[in-house]
Amino acid sequence: MHSTWSDGTDSPRELLDKVIAAGIDFFSITDHDEYRGGRELILQVKKRKQTEVMPYFISGAEFSCRDDLGKYHILGYAYDIKNEAVRKLMEAVHEVRIQKVTNRMRFLKERYGFHFSESEIASLMRHRNPGKPHIAKLMVRHRYAGTISEAILGFIDHYHGPERRIHPEEAIEAVIQGGGIPVLAHGPFGDGEQNLDKKEMTARVERLMNAGLMGLECYYSGFAEAHQDMMLELASRYHLLVTAGSDYHGENKLVRLGNTGRSDPAEINERIRDFWVEAMKRGDSYSLN
């Protein structure tokens, strides 16, 4: 799930309220290339844990990666947020993100004639991790597009720039150096826009395992049953940890908090138990109580 520290619309405090209300026992904030949403949440918890029963929380982040073979989102879980390798990776990806947003805004102006005021652009760039949803909202406000989805798919995604690529191996290595668990997010979808078949997915998993990949997101809000079955089979075949995620962004996506694509929470809890245990080994600071 994502907070206002990246491209979500809920603050960490609002996310915690919603997690508790939904009865979620185990969660993470996985902002894009950012750790401070989790840090803010932990500070909020210190004020409340004397009177409320808190769920388990682990540090998390989602890194946007790309190489000659495709696009990837790598999740890092249960890492040390003070680790230098993780911080350096976040700084590098942040620089790429700022360059990409700047270049996308120029592309939209030059290709389509979309005009935004200097104050609007300045407001956009004040976000720690501005991205496509932020640009899309501006486009909808100006009626250049009817919806956020239309803005992204119909215009923003037509930009293909020269920015430096962060390879998935870089993200995996940094998460491991930070004592964390690297996981491939929504595997068949790549960065969210692909649909890889089993042969492609198998080759991708095998290659990333050589870099240290430890888990696969097998339960995901956007997966069809065939996607889930494929990812569960790969996790079983290669003895990888299984995770579940909603990819909740608040009002920026039509995804319900806690929706992981399957209606049987007992099955999901059983499948992700090994991941839960492994994450808990990495420090009792992840228990909010």
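The values are calculated or read from the model by the stated rules, or taken from the named source; none is laboratory data. What you are looking at is a predicted structure, and each value in this text was computed from that prediction instead of being measured. Note that we place each Cβ from the backbone using ideal geometry, even for glycine, and neighbour counts take in every protein chain shown.
Considering only residues that are farther than 24 Å from K137 by Cβ and of a type in the set (K, R), which ones fall in segment 1-48?
Within segment 1-48, R39, K46, K47, R48 meet the criteria.
Somewhere in segment 180-196, is a residue assigned by TED's automatic domain parsing to the domain that holds M280, in a helix (DSSP H, G or I) and more than 17 Å from the chain's Cα centre (by Cα)?
Initially, segment 180-196 is screened for residues assigned by TED's automatic domain parsing to the domain that holds M280, giving 180-196.
So of that shortlist, the ones also in a helix (DSSP H, G or I) come out as 187-189.
Narrowing further to those that are more than 17 Å from the chain's Cα centre (by Cα): none.
Within segment 180-196, not a single residue is assigned by TED's automatic domain parsing to the domain that holds M280, in a helix (DSSP H, G or I) and more than 17 Å from the chain's Cα centre (by Cα).
In segment 254-284, how many residues are touching a residue at least 40 places away in the same chain (Cβ under 8 Å), closer than 22 Å to H2 by Cα and basic (K, R)?
1
Can you tell me which residue among P162, P168, P182, P188 is modelled with pLDDT under 90 and not charged (D, E, K, R)? Step through it out loud before you land on a result.
Values: P168 fails: modelled with pLDDT under 90; P182 fails: modelled with pLDDT under 90; P188 fails: modelled with pLDDT under 90.
P162 is the lone residue from the list that is modelled with pLDDT under 90 and not charged (D, E, K, R).
When you check T9 against the structure, is it touching a residue at least 60 places away in the same chain (Cβ under 8 Å) and either surrounded by fewer than 23 Cβ atoms within 10 Å (Cβ to Cβ) or not in a loop (DSSP other than H, G, I, E, B) (or both), yes or no?
Values: touching a residue at least 60 places away in the same chain (Cβ under 8 Å): yes; either surrounded by fewer than 23 Cβ atoms within 10 Å (Cβ to Cβ) or not in a loop (DSSP other than H, G, I, E, B) (or both): yes.
So T9 passes the test.
When the residues of segment 245-279 are filtered to those that are of a type in the set (A, V, I, L, M), in contact with a strand residue (DSSP E or B) (Cβ under 9 Å, 6 or more places away or on another chain) and in a helix (DSSP H, G or I), which remaining residue is surrounded by the fewest Cβ atoms within 10 Å (Cβ to Cβ)?
So the residue we want is I268.
Can you tell me which residue among M214, M230, M201 is surrounded by 19 or more Cβ atoms within 10 Å (Cβ to Cβ), of a type in the set (A, V, I, L, M, F, W, C), at pLDDT 95 or above and in contact with a strand residue (DSSP E or B) (Cβ under 6 Å, 6 or more places away or on another chain)? Before you say what the answer is, go through the steps one by one.
On the way: M230 fails: in contact with a strand residue (DSSP E or B) (Cβ under 6 Å, 6 or more places away or on another chain); M201 fails: in contact with a strand residue (DSSP E or B) (Cβ under 6 Å, 6 or more places away or on another chain).
Being surrounded by 19 or more Cβ atoms within 10 Å (Cβ to Cβ), of a type in the set (A, V, I, L, M, F, W, C), at pLDDT 95 or above and in contact with a strand residue (DSSP E or B) (Cβ under 6 Å, 6 or more places away or on another chain) holds for just one of M214, M230, M201, which is M214.
Only one of T260, T243 is closer than 15 Å to H186 by Cα, within 20 Å of the chain's Cα centre (by Cα) and at pLDDT 95 or above. Can you tell me which? Spell out the reasoning first.
Numbers: T260 fails: at pLDDT 95 or above.
Only one candidate qualifies: T243.
Could you give every pair whose Cβ atoms fall below 8 Å, whose first residue belongs to segment 204-221 and is on the phi > 0 side of the Ramachandran plot, and whose second residue is surrounded by fewer than 20 Cβ atoms within 10 Å (Cβ to Cβ) and of a type outside the set (K, R), counting only separations of at least 6 or pairs across chains?
Filtered contacts from segment 204-221: G212/E173; G212/I176.
Out of the residues in segment 215-236 that are outside any helix (DSSP H, G or I) and either in contact with a Leu (Cβ under 8 Å, 6 or more places away or on another chain) or of a type in the set (V, I, T) (or both), state the one that is nearest to R271 (Cα to Cα). Steps first, please.
Within segment 215-236, the first condition is being outside any helix (DSSP H, G or I), and the residues that meet it are 215-224.
Then keep just the ones that are either in contact with a Leu (Cβ under 8 Å, 6 or more places away or on another chain) or of a type in the set (V, I, T) (or both); that gives 215-218.
Details: G215: 12, L216: 12, E217: 11, C218: 9 Å.
In this case the residue turns out to be C218.
Just to confirm my filter: which helices (runs of 4 or more DSSP H) fall fully inside segment 79-173 and include at least 2 residues that are under 22 Å from the mean Cα position of the chain (by Cα) and surrounded by fewer than 16 Cβ atoms within 10 Å (Cβ to Cβ)? Explain how you work it out, then say what you get.
Details: elements: 84-112, 118-125, 132-141, 148-154.
Filter on segment 79-173 gives 84-112, 148-154.
In segment 26-48, which residue that is free of Cβ contacts under 8 Å to residues at least 60 places away in the same chain and either in contact with a His (Cβ under 9 Å, 6 or more places away or on another chain) or over 17 Å from N129 (Cβ atoms) (or both) is surrounded by the most Cβ atoms within 10 Å (Cβ to Cβ)? Steps first, answer last, please.
Keep residues of segment 26-48 that are free of Cβ contacts under 8 Å to residues at least 60 places away in the same chain, which gives 27-29, 35, 37-41, 43-44, 46-48.
If we keep only those that are either in contact with a His (Cβ under 9 Å, 6 or more places away or on another chain) or over 17 Å from N129 (Cβ atoms) (or both) too, we end up with 27, 29, 37, 43-44, 46-48.
On the way: F27: 25, I29: 30, G37: 26, L43: 11, Q44: 17, K46: 9, K47: 9, R48: 14.
Out of the qualifying residues, it is I29.
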